[in-house]
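Take a look at the structure below.
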Amino acid sequence: MTISIFINSSNLITSACNRIQLKYININTMKITVVGAGAVGATCADNIARKELAEELVLLDIKEGFAEGKAMDMMQTMALLGFDTQIKGVTNDYSQTAGSQVAVITSGLPRKPGMTREELIGINAGIVKSVAENILKYSPEAIIVVISNPMDTMTYLALKSLGLPKNQIIGMGGILDSARFKYYLSKALNCNANDLQGFVIGGHGDTTMIPLTRFATYQSLPVTELLDEVTLSKVAADTMVGGATLTGLLGTSAWYAPGAAGAALVEAIVRDEKKIFTCCVALDGEYGQSDICLGVPVIVGKNGWEKIVDFPLNEAEQAAFNKSAEAVRNMNNVLTEMKLI
Ligand code: LAC
């Protein structure tokens, strides 16, 4: 009995030490920057701090004092929430971001009700290009996470203008869209969203995303066996306009799920999780597409996206993917017209 208690407590101590060490390694080596202290950027930063993914987190915004205020507000939650990450707000001073291992770009205007993400390109493309270049100047090794819209085209812009290895440029959209897909599936199945698997590929646009209902499961049960076709089509349709629905309700685009999705991606990178996520990455023949950034399943770890999981789509899915690529490619052409790439 005594021995058994001794072994158990020693196991407990070992496991506690492992946890402490994991935290120790992360908070003492990581510096992360989030550009844009608006609702999405601040929520992303808040999640990163709560998860203690960095020793130092820099929140940068162009608006005088805004990031400083958001950072101070978050730092005042430290004694309530118990995290150790130091959050520093700065006004447009990129030298403060120097040496960041991960940089998240959320800058630019959000959608207004009735607007598509694509309509933001004219204003956001110039902003994202200049932000990305400033990040690179001070953090040449950084992995760049793109959240700004239109996200697929902004990811392509970062890829083309920064000259970084393609694995270091990751658009977040599919993680958010997949989370929304699981939300709507959980409503239809009246189940816990944590018990669902499912992913959304293609573009991060109301008409370009492709919820792959064929592969979604509830635990390991195919949802196609549990829900009728009409319900499944409605889940897919609701997922596709998930962002627009929230924009209509909120008067601006959503922030809790986009911020949490960004932080989940950062976590997979800094903890080298090798998790599978749908992210917007550069395709080089995978899924039949090249010279484009589009949402596909990838393995994410310390090197950014490390591998594309390239599996065969059926005819209808591949046709939808090609259509999505065509729409995103048309949007990417605007970057050339704007002389940004
Ligand atoms: C959304 C925005 C952030 O989908 O793209 O909510």
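Here are the numbers for the structure shown:
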item	result
Neighbours by Cβ (under 8 Å, 6+ apart or cross-chain): first from region 309-323, over 19 Å from T207 (Cβ atoms); second among the hydrophobic types (A, V, I, L, M, F, W, C)	V309/I276; V309/V296; V309/V298; V309/I299; D310/V296
Complete set of residues in region 272-289 that are under 16 Å from N303 (Cβ atoms) and either among the polar types (S, T, N, Q) or buried (at least 18 other Cβ atoms within 10 Å of the Cβ) (or both)	F277, C279, V281, A282
Residues within region 325-341 that are open to solvent by 30 Å² or more (accessible area, probe 1.4 Å) and under 13 Å from L120 (Cα atoms), tallied	2
Subset tally (residues that are touching a residue at least 60 places away in the same chain (Cβ under 8 Å) and open to solvent by less than 40 Å² (accessible area, probe 1.4 Å)) for region 48-92	3
Qualifying position, being under 28 Å from I48 (Cβ atoms) and surrounded by fewer than 20 Cβ atoms within 10 Å (Cβ to Cβ), among G262, G251	G251
Residue within region 158-173 that is touching a Ser or Thr at 6+ places or on another chain (Cβ under 8 Å) and of a type in the set (K, R) present	no
E118 being closer than 19 Å to W255 by Cα and of a type in the set (D, E, K, R)	yes
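The values are calculated or read from the model by the stated rules, or taken from the named source; none is laboratory data. Everything numeric here is computed off the predicted structure, so don't read it as measured data. Here the Cβ is made from the backbone with ideal geometry for all residues, glycine too, and neighbour counts use every protein chain on show. Just so you know, the surface numbers come from the protein's heavy atoms only, side chains and all, with ligands and any DNA or RNA stripped out. Shrake-Rupley method; radii C 1.70, N 1.55, O 1.52, S 1.80 Å.
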